[in-house]
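The values are calculated or read from the model by the stated rules, or taken from the named source; none is laboratory data. None of these values were measured; they are calculated from a predicted model. Glycine also receives a Cβ, built like all others from the backbone with ideal geometry; neighbour counts cover every protein chain displayed. Just the protein is used for accessible areas: all its heavy atoms, side chains included, with ligands, DNA and RNA removed. Shrake-Rupley method; radii C 1.70, N 1.55, O 1.52, S 1.80 Å.
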Amino acid sequence: MKLATLKDGSRDGQLVVVSRDLTLAHYATGIASRLQQVLDDWGFMSPQLQDLYDAVNTGRARHSFPFDPAQCMAPLPRAYQWADGSAYLNHVELVRKARNAEVPESFYTDPLMYQGGSDDFLGPVDDVVVPSEAMGIDFEAEIAVITGDVKMGATPDQALDGIRLVMLANDVSLRNLIPAELAKGFGFFQSKPATAFSPVAVTLDEIGEAWQHGRVHLTLQSSWNGRKVGMCDAGPEMTFHFGQLIAHIAKTRNVRAGSIVGSGTVSNKGVEKNGQMDWPKGYSCIAEKRCIETIQGGEPVTGFMKFGDTIRIEMKGLDGRSLFGAIDQEIVSAAGRPKVAPVSLVDPSSEVSDD
């Protein structure tokens, strides 16, 4: 089933069930008004929501209405926990290689994770409001899961059983704030503002055969200012699957229902072409593009995002239809929207094709 949360002026919104083709919605009020309620009592409430979902898809739900992603909050508008990983080690390898540094051996056996802010998420089409362009505004296209309760000490396979829902994320990063924060030895904080999530979160059966042992084997598409810059395969190169990420969190504590766990930037390895490395599948964040440019030419060329820029992140299922709906956001100054649309920073020749 597919679940979303609509804006109603409250902090937690109204839970709705959304049709498989993302055209219709139906309030779940008779079952639960908020997604956290469902996560807290999944075994009892999810079958009822599934019945409603089936009714919406077969036209038997009397009070269905058109689904509008613009009215969506994040599926879980605020969470008890948002822990983001770096499960695609190719991303780490690129960053290290660009500065002539080695990847520590421990990175291949012990997942990298940070604790993000979970009190204020963004809806899929909410503006990304940033104080200054000088902060180095970047998108990060990711996959995320929402968990039920997972006990401390759970194995990766046990942790997989705790996954309830899957969605997409834009883990916004302010790149120019990161070095000073990491230099303090305490990790990200101000460099990681509010994260945005896709219009709907889906159960594993909606992903079908593309869900394979904690990985989503589908293509994650990223379009910056209307140009497709990433067509990255999310499955094969995910070094740590979601069960391993959740088990990492649960090593010393319980993971409670309503925790969100992110994959980190979806990243694919380059291929050698005419004696030079090339990355035909593009990138899921600008920082990675800049690392590729540094490796290829000695220095980065692509700038970070400007006010008025847009980012669209989407994934299509095995049936070719949008699986989660799209994250579609604009970068906006805290002082208000620009009067003149900016010129795209993306070179049209770098656009990634569907081939």
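Residues in the range 41-120 average 54 Å² of solvent-accessible surface per residue, probe 1.4 Å, ligands and nucleic acids excluded. Relative to the longest principal axis of the chain, what angle (0 to 90°, nearest 10) does the C-alpha long axis of helix 89-98 take? Roughly 20 degrees between the two axes. Taking label points 7 Å from Cα along the Cα-to-Cβ direction, R60 and D233 give a separation of 4.0 nm. M113: net charge of surrounding residues, Cβ under 11 Å, Lys/Arg +1, Asp/Glu -1, itself excluded? Net local charge, M113 excluded: -1.
How many percent of Cα pairs in the chain exceed 32 Å? That tail contains 28 percent of the Cα-Cα pairs.
Measuring between alpha carbons in the structure, the pairs from K184/K269; K97/K192; K251/K316; K151/K316; K289/K316; K7/K228 lying more than 25 angstrom apart are K184/K269; K251/K316; K151/K316; K7/K228.
Which net charge results for the neighbourhood of A201, defined as the other residues with beta-carbon distances under 12 angstrom from its beta-carbon, given Lys and Arg at +1 and Asp and Glu at -1?
Numbers: positive: K2, R164; negative: E206.
Summing Lys/Arg as +1 and Asp/Glu as -1 gives +1.
Shape class for the range 1-61: oblate, because the ratio a/c of the largest to smallest gyration tensor axis (alpha-carbon atoms, square roots of eigenvalues) is 1.5 or more and b/c is at least a/b. In the chain, Cα pairs under 8 Å separated by at least six residues give a relative contact order of 21 percent. For GluC sites (Glu not before Pro), the sites in the range 37-133 that DSSP calls loop and that have at most 15 other Cβ atoms within 10 Å are E102.
Just to be sure I understand: with springs between alpha-carbon atoms less than 10 Å apart, which residue in L165, L22, L318 has the highest mean-square fluctuation in the Gaussian network model of the chain? Highest fluctuation of the listed residues: L318. Each Cα pair under 8 Å and six or more residues apart adds its sequence gap; the mean of these over the residue count of the range 1-90 is a relative contact order of 34 percent.
Cα gyration tensor of the range 48-188, axes a ≥ b ≥ c as square roots of the eigenvalues: rounded (a/c below 1.5), prolate (a/b > b/c) or oblate? Oblate is the answer for the range 48-188, as a/c is 1.5 or above yet b/c matches or exceeds a/b.
Helix 286-297 axis versus longest C-alpha principal axis of the chain: approximately 30°, rounded to the nearest ten. Determine the sum of side-chain charges near A87: Lys and Arg each +1, Asp and Glu each -1, restricted to other residues whose C-beta is under 10 angstrom from that of A87. Residues near A87 contribute -2 overall.
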